[in-house]
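Chemist: This is the structure I want to talk about, given as structure tokens.
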Amino acid sequence: MAPTTRDPIQRRGLMLILSSPSGAGKTTLTRDLLQDSSLDLTLSISVTTRQRRTSEVDGIHYYFKPKAEFDRLRTQDDLLEYAEVHGNFYGTPRGPVEQVLSQGRDMLFDIDYQGTQQVQKRAPHDVVTIFILPPSMRELRARLERRAEDAPEVIAKRLVAARNEITRWPIYDYVIVNEDIQTALAEVKSILIAERLKRARSAEGITRFVEMLLTEG
């Protein structure tokens with residue numbers, strides 16, 4: 001990414017991962033972050049074997065693939081991470097991520113703790129992780145019921161899974177309690193801005209910029 005007036009210091013992009021139990025708010029946060037053009041975030045679109053919901057569009061929410069196609073991608077090491085969640089498989093294509101990061105732009109991920117651990121292992125210096133907690137289990141249930149996309153037995157399974165997922169918070173860099181979506185959104189944006197400014201993330205670019213400054217009269 002060439003230097004601009006707004007961002008004179010070149011840097012490599014980062015991967016911003018949001019995780020949460022189903023219904024805790026990461027999908028809404030992801031949408032709002034992407035709608036803020038000043039953040040210039042690119043969404044990582046996962047491939048999945050899950051059946052498409054009526055509200056979802058192939059290629060926008062996920063790439064919906066049969067199990068055989070998913071297995072081919074995994075075997076050829078074309079996935080940065082993959083996981084099985086609620087009996088379905090999810091994964092992140094490797095190529096598009098590297099392309100965006102090499103341009104100095106940032107990519108936003110909506111993945112679970114299993115995928116997060118794999119990305120942390122494969123790209124520890126490129127990743128920033130945030131876990132979103134609900135304010136209470138009662139509120140989490142209410143949000144799932146208001147969504148009206150899952151049968152009662154599916155909601156019950158998601159609540160059981162949520163208790164397991166919530167215990168994974170220590171593997172994340174940051175933890176946010178989503179009691180108010182606008183407050184949670186502001187906190188995520190603050191984290192992103194601070195992480196972009198970390199010296200270690202821009203060391204080469206800072207070195208070149210300082211050298212340029214010192215040559216000025």
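The values are calculated or read from the model by the stated rules, or taken from the named source; none is laboratory data. Bear in mind the structure is a predicted one, so any value in this text is a computation, not a measurement. With ideal geometry, Cβ positions are generated from the backbone for all residues, glycine too; neighbour counts draw on all protein chains shown.
Chemist: State whether the residues of segment 89-103 include one that is of a type in the set (A, V, I, L, M), under 14 Å from the mean Cα position of the chain (by Cα) and closer than 18 Å to THR27 by Cβ.
Modeler: No: segment 89-103 contains no residue that is of a type in the set (A, V, I, L, M), under 14 Å from the mean Cα position of the chain (by Cα) and closer than 18 Å to THR27 by Cβ.
Chemist: Does segment 66-75 include one or more residues that are surrounded by 17 or more Cβ atoms within 10 Å (Cβ to Cβ), at pLDDT below 90 and either over 16 Å from the mean Cα position of the chain (by Cα) or under 26 Å from LEU144 (Cα atoms) (or both)?
Modeler: Scanning segment 66-75, I find no residue that is surrounded by 17 or more Cβ atoms within 10 Å (Cβ to Cβ), at pLDDT below 90 and either over 16 Å from the mean Cα position of the chain (by Cα) or under 26 Å from LEU144 (Cα atoms) (or both), so the answer is no.
Chemist: Further question on the same structure: Which condition breaks for LEU108 when tested against (1) buried (at least 18 other Cβ atoms within 10 Å of the Cβ); (2) out of contact with any Ser or Thr (no Cβ under 7 Å at 6 or more places or on another chain); (3) of a type outside the set (Val, Ile, Thr)?
Modeler: (2)
Chemist: Can you give me the number of residues within segment 140-185 that are under 22 Å from GLU84 (Cα atoms), at pLDDT below 85 and either among the aliphatic types (A, V, I, L, M) or within 19 Å of the chain's Cα centre (by Cα) (or both)?
Modeler: Total meeting the criteria: 1.
Chemist: Determine which member of the set ARG52, ARG74 is in a loop (DSSP other than H, G, I, E, B), charged (D, E, K, R) and touching a strand residue (DSSP E or B) at 6+ places or on another chain (Cβ under 7 Å).
Modeler: Within the list ARG52, ARG74, the selection yields ARG52.
Chemist: Working only within segment 76-102, note down all residues that are polar (S, T, N, Q) and loosely packed, with under 13 Cβ neighbours inside 10 Å.
Modeler: GLN76, SER102 - these are the residues of segment 76-102 that are polar (S, T, N, Q) and loosely packed, with under 13 Cβ neighbours inside 10 Å.
Chemist: Oh, and also: Looking at LEU43, LEU16, LEU39, LEU34, can you tell me which residue is surrounded by fewer than 20 Cβ atoms within 10 Å (Cβ to Cβ), touching a residue at least 60 places away in the same chain (Cβ under 8 Å) and within 19 Å of ALA83 (Cβ to Cβ)?
Modeler: LEU43
Chemist: Find the residue count for segment 161-217, including only residues that are free of Cβ contacts under 8 Å to residues at least 24 places away in the same chain, closer than 17 Å to THR28 by Cβ and part of a helix (DSSP H, G or I).
Modeler: Within segment 161-217, residues that are free of Cβ contacts under 8 Å to residues at least 24 places away in the same chain, closer than 17 Å to THR28 by Cβ and part of a helix (DSSP H, G or I) number 4.
Chemist: Kindly establish whether ILE17 is closer than 20 Å to PHE89 by Cβ, of a type in the set (Val, Ile, Thr) and at pLDDT 95 or above.
Modeler: yes
Chemist: Looking at segment 130-151 only, could you name the residues that are more than 16 Å from ALA186 (Cα to Cα) and either of a type in the set (Asp, Glu) or in a strand (DSSP E or B) (or both)?
Modeler: Across segment 130-151, the qualifying residues are GLU139, GLU145, GLU149, ASP150.
Chemist: Filter segment 187-206 down to residues that are exposed (fewer than 12 other Cβ atoms within 10 Å of the Cβ) and under 20 Å from the mean Cα position of the chain (by Cα), then give me how many there are.
Modeler: Total meeting the criteria: 4.
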